[in-house]
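Worksheet: one structure, shown below.
The values are calculated or read from the model by the stated rules, or taken from the named source; none is laboratory data. Note that the coordinates shown come from a computational prediction; the quantities given were computed from them, not determined experimentally. Every residue, glycine among them, receives a Cβ derived from its backbone with ideal geometry; neighbour counts consider all protein chains shown. All accessible areas refer to the heavy atoms of the entire protein, side chains included, with ligands and DNA or RNA removed. Shrake-Rupley method; radii C 1.70, N 1.55, O 1.52, S 1.80 Å.
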Amino acid sequence: MILTIINIRIHRAAASVVWFAGFGSCICAGAILIALRTYVPDALSISVGNVMFSAGYLCLHQSMTGFFGKGAEQWRIQAGLVVLQIVSQVAYGWYHPDTTKRLVALSIILAVQVALTAVFVVRHTPAFMKAAGWLMGILLALLCLGNLGRLFSLLIVPAPSDYLRGGGVLAWTILNTTILQVGVLVAFVWMTAARLHHDLEVQALTDPLTGVLNRRAIDLLAKRTFAASLRGSHPISAILFDLDDFKRINDSFGHLCGDNMLIAISRCVEQKLRPGDMMARLGGDEFVILLEATDIETANVISGRLRCAIEQLRIQCDQHEISATASFGVGQVKNGLGGWKELLAKCDRALYAEKDEDRTVALANSDPASPTE
């Protein structure tokens, strides 16, 4: 658990851990204050302790909004409920002491706070942490029901002046709440572990510069695609392309401009692809696109569209506007026969055949005219 908290502390969900630590601190402080009722005046132990519980659930909600990166505006509702809790505890704990009214107000406000957080967690939990998120939502829902149970019991039987000796129902509520709060801690640790695992997987399969898939990712996806092709008997095509004379861009304008060009081209190409097409950067300025259930005629049409898009692209680099062209190689295998490496080899041969042809044309155009006699 400690390692998970350390890892997430230095990760993008760091703020959520700070708020969750606030949740744990407030809940512990509230429990300690109530436990010290015999030694501390009620105005401090019970009233302040109850406010600490409400502040703790505010911290929990803020932790979840920070964790998911959504719903930050909802803090006003939670803060308003904490203020309402303070007012009720002051009114029924100090000015007009009434244990039943104080507990009724506590139960209603905590139930609303926890219910809002439970709904938020269930609605915003991503698929990769569904189990952990739903566990958190269920635990919070049970905490809400526990507060509602205490509310109904108070409406039937008023609370005694010594709440800690309030009978089986109230004792069960305290025990149930404590167990569920520990469960919330476990669920949060599980959620952080799930996020770390997912982010590590994404980093392992994503090119850090362009954000597209890397070679390892496309190899894994190709393996699955070829296995499906063997069962479905449909063709698979691929497009291999690299930038023409990319070294000149790096040498003339610097590697930062070269990196910006790669990023711009990868985004431009991604926007032109169909849903389901998979693009990866193999290294340097070389990219590949895997086209499932696509014949070579369609692949050629797609490569032509991508060629035009790249040629029309312009990026600003300092005071210069730079552009690039690309060479393409297209290949196809049928019924998944031959495998991914053979398909890449076909694309590679087609790519260098195009480069050789362009080089031959360029040399022919640069030759001086033969003198006439």
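From the list 4, 38, the one residue that fits, being of a type in the set (Val, Ile, Thr), at pLDDT below 90 and surrounded by 15 or more Cβ atoms within 10 Å (Cβ to Cβ), is 4. Scanning the stretch 141-181 for residues that are at pLDDT below 65 and open to solvent by 50 Å² or more (accessible area, probe 1.4 Å) yields a total of 6.
Okay, residues lined up against (1) open to solvent by 30 Å² or more (accessible area, probe 1.4 Å); (2) closer than 16 Å to residue 326 by Cβ; (3) assigned to a helix (DSSP H, G or I); (4) not hydroxyl-bearing (Ser, Thr, Tyr):
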site: 209; (1), (2), (3), (4): yes, no, no, yes
site: 217; (1), (2), (3), (4): no, no, yes, yes
site: 223; (1), (2), (3), (4): yes, no, yes, yes
site: 226; (1), (2), (3), (4): no, no, yes, yes
site: 230; (1), (2), (3), (4): yes, no, yes, yes
site: 237; (1), (2), (3), (4): no, no, no, no
site: 247; (1), (2), (3), (4): yes, yes, yes, yes
site: 252; (1), (2), (3), (4): yes, no, yes, no
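Comparison of 357, 321 shows that the only residue that is part of a strand (DSSP E or B) and at pLDDT below 95 is 321. Checking each residue in the stretch 254-281 for being open to solvent by less than 70 Å² (accessible area, probe 1.4 Å) and assigned to a helix (DSSP H, G or I) picks out 257, 258, 259, 260, 261, 262, 263, 264, 265, 266, 268, 269.
Residue-level check: of (1) open to solvent by less than 40 Å² (accessible area, probe 1.4 Å); (2) part of a loop (DSSP other than H, G, I, E, B), residue 97 misses just (1). Taking the stretch 306-319 as the range and being closer than 14 Å to residue 265 by Cβ, under 33 Å from the mean Cα position of the chain (by Cα) and open to solvent by 80 Å² or more (accessible area, probe 1.4 Å) as the test, only 314 passes.
Here are some residues: 33, 60, 106, 44. Which one is under 21 Å from residue 154 (Cα atoms) and of a type outside the set (Ser, Thr, Tyr)? Result of the check over 33, 60, 106, 44: 106. The test for being at pLDDT below 90, among the small types (Gly, Ala, Ser) and over 19 Å from residue 345 (Cβ atoms) does not hold for residue 326. Where the second residue is in a loop (DSSP other than H, G, I, E, B) and of a type outside the set (Asp, Glu) and the first is within 15 Å of residue 174 (Cα to Cα) and lies in the stretch 19-42, which pairs have Cβ atoms under 8 Å and are six or more apart or on separate chains? Here the result reads 33/40, each pair linking the stretch 19-42 to a residue that is in a loop (DSSP other than H, G, I, E, B) and of a type outside the set (Asp, Glu).
For the stretch 218-277, how many residues meet the condition of being closer than 30 Å to residue 338 by Cα and over 27 Å from the mean Cα position of the chain (by Cα)? Final tally of qualifying residues: 19.
Which members of the stretch 302-318 meet the condition of being over 13 Å from residue 243 (Cα atoms), of a type outside the set (Asp, Glu) and not in a helix (DSSP H, G or I)? If the condition is that a residue be over 13 Å from residue 243 (Cα atoms), of a type outside the set (Asp, Glu) and not in a helix (DSSP H, G or I), then 314, 315, 316, 317 are the ones that fit.
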